[in-house]
Amino acid sequence: GRVMAAVRDVEIDPEGTFKYILVRLQRPGEQRDIVRGTAAAEFHNHIFEKVNPEMEKLGYECKCLGGGKIDHNNKDKKIRVFGLSTGYGKADHAVTVEILKKAYTDYDITWSDDKK
């Protein structure tokens, strides 16, 4: 529906290394995964605590599928997805990369299970 379009697949900081989470949105007849990440969040749950009420207003149920870190190099057009969330566990970084590719079409985007 139209409300759907208002929710962007990806909202991450334009530069730097920061925590991210993969969130599943569900409502009758709809399911999609979104990526949210920001250096403003000291912990992964800070990101979820911000996203969850926003999505509930739109009628979605939210579930955090895990987290990690994103290294966003704006200048070289590179994004690296790695690490994990202590609280939520490791997100499926391969899924995250596919979602990021839709938003950053001209980027080189990779992932690994490295902690750093």
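The values are calculated or read from the model by the stated rules, or taken from the named source; none is laboratory data. Predicted model, so just to flag it, every value in this text is computed and none were measured. Note: ideal-geometry Cβ built from the backbone for every residue, glycine included; neighbour counts use all protein chains shown. Heads up: the accessible areas ignore ligands, DNA and RNA and are worked out on the full protein's heavy atoms, side chains in. Shrake-Rupley method; radii C 1.70, N 1.55, O 1.52, S 1.80 Å.
Inside the stretch 59-89, can you point out the residues that are more than 19 Å from Asp13 (Cα to Cα), open to solvent by 60 Å² or more (accessible area, probe 1.4 Å) and outside any strand (DSSP E or B)?
Thr86, Gly87, Tyr88
If you check Ile47 against the conditions, is it assigned to a helix (DSSP H, G or I) and closer than 15 Å to Thr17 by Cβ?
Yes.
Restricting the stretch 23-47 to residues that are more than 22 Å from Tyr104 (Cα to Cα) and touching a residue at least 40 places away in the same chain (Cβ under 8 Å), which is surrounded by the fewest Cβ atoms within 10 Å (Cβ to Cβ)?
Phe43
Residues of the stretch 36-64 being in contact with a Lys or Arg (Cβ under 7 Å, 6 or more places away or on another chain), closer than 15 Å to Gly89 by Cα and hydrophobic (A, V, I, L, M, F, W, C), which ones?
Within the stretch 36-64, Ile47 is the sole residue that qualifies.
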